[in-house]
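K.L.:
Once you've had a glance at the structure underneath, I'll fire off some questions.
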Amino acid sequence: MVSLLFPLTAKSIYYSRFFSFIILPFNSKYLTMYTKKEKLFNWFNILLSVFQIINTTLFIFFIWRVYMPLSQVKNPFIFPLLLAGVFLFLSAKTMAQLFNGFIFNSYSIFNELVFKKLTYLNYSSFALFIANILLAYVFINSKIIISIALILFLVINIIGWVTVLRNYQNFISSYFFYFILYLCALEIAPLVIMGSFLK
């Protein structure tokens, strides 16, 4: 519940921006308004990213609790380790993507790409937040809730990916080979590594 303070703070400080953000999957107004004029690292994004990291970690912890032996779940250091792991994973991935912008002399475009992807990732964390509440207080250790939350999380992020690819198809077609390398090295490989680690 502490994580809820972060979007509430974002809502109180950036009221109109927050409501544009909330209707994101149904209206691209938020991306149109803030992609160009806003920097990636601003307080609104930071607050929602902290919310996302906490809820992603908690959701992974609930998955861990359902599928792992009880002796490992009771380890008091599991949640802090998962929290540190998720934070480092997302930070390293974001920095690597921005570093690609310097390499290809396209920092502004990569900055926009990362901004849009991070926006959808932050939005999908609200689905995980609701799932976390249900898994903690209502449907404890429910595999159905975990499955539904994972599907919602993936659907929201797939919508984000389709939006990004559609908006930057000319840029991608110009650097198609490099885009495939980027996709494999910085999108697919980190998820495979993280999934293998958690498994």
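K.L.:
When you scan the range 69-94, how many residues do you find that are open to solvent by 70 Å² or more (accessible area, probe 1.4 Å) and at pLDDT below 80?
P.N.:
Total satisfying the criteria: 6.
K.L.:
Looking at (1) of a type in the set (Phe, Trp, Tyr); (2) open to solvent by 20 Å² or more (accessible area, probe 1.4 Å); (3) modelled with pLDDT of 80 or more, find the lone condition where Phe41 falls short.
P.N.:
(3)
K.L.:
Looking at Phe115, Phe179, Phe171, which one is of a type outside the set (S, T, N, Q), closer than 25 Å to Lys11 by Cα, modelled with pLDDT under 85 and open to solvent by less than 80 Å² (accessible area, probe 1.4 Å)? Spell out how you get there, then give the answer.
P.N.:
Values: Phe179 fails: closer than 25 Å to Lys11 by Cα; Phe171 fails: closer than 25 Å to Lys11 by Cα.
Of Phe115, Phe179, Phe171, the one residue that is of a type outside the set (S, T, N, Q), closer than 25 Å to Lys11 by Cα, modelled with pLDDT under 85 and open to solvent by less than 80 Å² (accessible area, probe 1.4 Å) is Phe115.
K.L.:
Assuming Pro25 fulfils every condition listed in (1) under 16 Å from the mean Cα position of the chain (by Cα); (2) modelled with pLDDT of 80 or more apart from one, which condition is it?
P.N.:
Only one criterion is unmet by Pro25, namely (2).
K.L.:
Before we move on, is Thr56 within 26 Å of Leu165 (Cα to Cα), at pLDDT 90 or above and in a helix (DSSP H, G or I)? Please lay out each step first, then the result.
P.N.:
Working: within 26 Å of Leu165 (Cα to Cα): yes; at pLDDT 90 or above: yes; in a helix (DSSP H, G or I): yes.
Considered against the rule, which asks whether it is within 26 Å of Leu165 (Cα to Cα), at pLDDT 90 or above and in a helix (DSSP H, G or I), Thr56 comes out as yes.
K.L.:
Return the total of residues in the range 137-152 being part of a helix (DSSP H, G or I) and open to solvent by 40 Å² or more (accessible area, probe 1.4 Å).
P.N.:
Looking only at that region, the number is 9.
K.L.:
If Leu154 satisfies every condition in (1) within 20 Å of the chain's Cα centre (by Cα); (2) modelled with pLDDT under 75 but one, which is the exception?
P.N.:
Here Leu154 meets the rest and fails (2).
K.L.:
So, Leu128, is that one open to solvent by 30 Å² or more (accessible area, probe 1.4 Å), out of contact with any strand residue (DSSP E or B) (no Cβ under 8 Å at 6 or more places or on another chain) and either part of a helix (DSSP H, G or I) or under 14 Å from Phe51 (Cα atoms) (or both) or not?
P.N.:
Numbers: open to solvent by 30 Å² or more (accessible area, probe 1.4 Å): no; out of contact with any strand residue (DSSP E or B) (no Cβ under 8 Å at 6 or more places or on another chain): yes; either part of a helix (DSSP H, G or I) or under 14 Å from Phe51 (Cα atoms) (or both): yes.
Considered against the rule, which asks whether it is open to solvent by 30 Å² or more (accessible area, probe 1.4 Å), out of contact with any strand residue (DSSP E or B) (no Cβ under 8 Å at 6 or more places or on another chain) and either part of a helix (DSSP H, G or I) or under 14 Å from Phe51 (Cα atoms) (or both), Leu128 comes out as no.
K.L.:
Here's a follow-up. Within the range 119-130, is even one residue under 14 Å from the mean Cα position of the chain (by Cα), modelled with pLDDT under 85 and under 21 Å from Thr32 (Cα atoms)? Steps first, answer last, please.
P.N.:
Just the residues of the range 119-130 that are under 14 Å from the mean Cα position of the chain (by Cα), to begin with: 119-129.
With modelled with pLDDT under 85 added as a condition, the list becomes none.
No, because not a single residue in the range 119-130 is under 14 Å from the mean Cα position of the chain (by Cα), modelled with pLDDT under 85 and under 21 Å from Thr32 (Cα atoms).
The values are calculated or read from the model by the stated rules, or taken from the named source; none is laboratory data. In this text, all values refer to a predicted model and were calculated from it rather than measured experimentally. No Cβ is skipped: glycine too gets one built from the backbone with ideal geometry, and neighbour counts run over all protein chains shown. Note: accessible area is taken over every heavy atom of the protein model, side chains too, but ligands, DNA and RNA are not part of it. Shrake-Rupley method; radii C 1.70, N 1.55, O 1.52, S 1.80 Å.
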